[in-house]
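Chemist: Before I ask anything, let me first share the structure, which is written out below as structure tokens.
Just so it is clear, none of the values below were taken in a lab; they were calculated from the coordinates. What you see is a predicted model; the values in this text were computed from it and never measured. Cβ placement follows ideal geometry from the backbone for every residue including glycine, while neighbour counts extend to all protein chains displayed.
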Amino acid sequence: MILSIFIGTASAVVNLQIAALLDYREGSSGQIILSTFMTSVIAALTVGGKAVEKSFAINSSTHIISFAGRVLYYIGDKTNIKIIPKK
């Protein structure tokens, strides 16, 4: 969610910079076409990226959980902080 907000904001800034370089006025047809194109490309990349990430997570879930456990153990061992307390 946070990444989507960041990407949307960054794309708006890039869109405005490109429109300024091409000397498109705000609300002109060129600026609207550019904005629509940029939004479409970023939406497609975001959806495609999420699909790739989900398939990776489904196919590698055991390895991901094992790695996360090792990282938590390492952090807890080096800092003497009980990240996951024993019951």
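Chemist: Might you let me know whether the range 74-87 holds any residue that is of a type in the set (A, V, I, L, M), surrounded by 10 or more Cβ atoms within 10 Å (Cβ to Cβ) and farther than 25 Å from SER4 by Cβ?
Modeler: Within the range 74-87 (the criterion being of a type in the set (A, V, I, L, M), surrounded by 10 or more Cβ atoms within 10 Å (Cβ to Cβ) and farther than 25 Å from SER4 by Cβ), the answer is yes, since at least one residue qualifies.
Chemist: Condition first: without any contact (Cβ under 8 Å) to a residue 24 or more places away in the chain, among the small types (Gly, Ala, Ser) and not in a helix (DSSP H, G or I). Can you find one or more residues in the range 17-31 that meet it?
Modeler: Yes: the range 17-31 contains one or more residues that are without any contact (Cβ under 8 Å) to a residue 24 or more places away in the chain, among the small types (Gly, Ala, Ser) and not in a helix (DSSP H, G or I).
Chemist: When both residues are 6+ apart or on different chains and their Cβ atoms are under 8 Å apart, which pairs have a first residue that lies in the range 41-60 and is in contact (Cβ under 8 Å) with a residue 24 or more places away in the chain and surrounded by 10 or more Cβ atoms within 10 Å (Cβ to Cβ), and a second that is part of a helix (DSSP H, G or I) and among the aliphatic types (A, V, I, L, M)?
Modeler: Pairs found: ILE42/ILE7; THR46/ILE7.
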